[in-house]
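Report on the following structure.
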Amino acid sequence: MSILTGYLAVINFTTWVAYGLDKGRAKSGKWRIPERTLLLLALIGGSLGALAGMIMFRHKTKKAKFVISVPVMFVVHCVIVTMLYLQ
């Protein structure tokens, strides 16, 4: 399980950083991280980092596909991780 814990720590930190970078780039008019990439990072385990990034950076909070899908992914990830730890 320590591999899973390490993976989740890295992917969530990476996702949080990506949301922060994208918000900074949005403000300065620079090249942006594609929405597909941000959602993919959340899907592959970074949903907590995505939620934290959305809240802390106030980023993608008006886009329905983020406001709905990221919390759903977070709940699903919590259920999966809980099931894995209980085995």
Restricted to region 24-68 and to residues being basic (Lys, Arg) and surrounded by 13 or more Cβ atoms within 10 Å (Cβ to Cβ), the residue farthest from PHE13 (Cα to Cα) is LYS63
Expected single match for without any contact (Cβ under 8 Å) to a residue 12 or more places away in the chain and either within 11 Å of the chain's Cα centre (by Cα) or in a helix (DSSP H, G or I) (or both) among THR82, THR61 is THR82
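Could you check region 4-16 and list, in sequence order, the residues that are open to solvent by 50 Å² or more (accessible area, probe 1.4 Å) and over 18 Å from VAL67 (Cβ atoms)? Lay out the reasoning, then the answer.
Filtering region 4-16 down to residues open to solvent by 50 Å² or more (accessible area, probe 1.4 Å) leaves 5, 7, 9-10, 13-14, 16.
Scanning region 4-16 gives THR5, TYR7, ALA9, VAL10, PHE13, THR14.
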Among residues of region 31-60 being out of contact with any Phe, Trp or Tyr (no Cβ under 9 Å at 6 or more places or on another chain) and more than 11 Å from TYR19 (Cβ to Cβ), the residue modelled with the lowest pLDDT is TRP31
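The values are calculated or read from the model by the stated rules, or taken from the named source; none is laboratory data. All values reported here derive from a predicted model rather than from experimental measurement. Glycine gets a Cβ as well: all are built from the backbone with ideal geometry, and neighbour counts include every protein chain shown. Surface accessibility is based on the protein's heavy atoms, side chains included, excluding ligands, DNA and RNA. Shrake-Rupley method; radii C 1.70, N 1.55, O 1.52, S 1.80 Å.
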